[in-house]
Amino acid sequence: MKTGELIKIYSRKYDGKEIGEGTPNKFLGEFIIKKVIEEDAYSGKWIGVKNKKKYMIIETEVSGMRNPENGGSRFEIIEI
């Protein structure tokens, strides 16, 4: 994600699948990225803005080793 980018965040991002496919996927909202704190292939932390409020967006890797259809990452949104 890049600073200034408008993004749609869902509770999960699955390996090899489009957002929203597969397991039910909760829409968490649209955010404008204001700051990139850290970013890697399947993890990261960003500051996002939605409706003039700031949020910490946290992406955490979910292993698909035991269940390949669940591999990818999950997102958590925390108001700050």
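Assorted remarks:
- Set side by side, the residues LYS26, LYS50, LYS45, LYS54 differ, and just one is under 10 Å from the mean Cα position of the chain (by Cα) and charged (D, E, K, R), which is LYS45.
- Each residue in region 47-73 was checked for being small (Gly, Ala, Ser) and over 14 Å from ASP15 (Cβ atoms), and 1 of them qualify.
- Subset of region 35-46 [under 18 Å from ARG12 (Cα atoms) and in a strand (DSSP E or B)]: GLU39, GLY44, LYS45, TRP46
- Look at (1) small (Gly, Ala, Ser); (2) in a loop (DSSP other than H, G, I, E, B); (3) surrounded by 12 or more Cβ atoms within 10 Å (Cβ to Cβ) and you find that GLY4 fails only one, number (3).
- Subset of region 21-46 (residues that are surrounded by 14 or more Cβ atoms within 10 Å (Cβ to Cβ) and either modelled with pLDDT under 85 or touching a Phe, Trp or Tyr at 6+ places or on another chain (Cβ under 7 Å) (or both)): GLY22, ASN25, LEU28, PHE31, ILE33, VAL36, TYR42
- Pairing each residue of region 1-26 that is more than 13 Å from ILE57 (Cα to Cα) with any residue that is modelled with pLDDT under 80 and surrounded by 11 or more Cβ atoms within 10 Å (Cβ to Cβ), provided the two are 6+ apart or on different chains, yields C-beta distances under 6 Å for TYR14/GLY22.
- Restricting GLY29, GLY16 to those that are in a loop (DSSP other than H, G, I, E, B) and out of contact with any Ser or Thr (no Cβ under 6 Å at 6 or more places or on another chain) reduces the list to GLY16.
- Criterion violated by GLU61 - all others in (1) within 20 Å of GLU79 (Cβ to Cβ); (2) part of a strand (DSSP E or B); (3) not polar (S, T, N, Q) satisfied: (1)
The values are calculated or read from the model by the stated rules, or taken from the named source; none is laboratory data. Predicted, not measured: the structure shown is a model, and the values here were computed from it. Here Cβ is always computed from backbone atoms with ideal geometry, including for glycine, and neighbour counts include all displayed protein chains.
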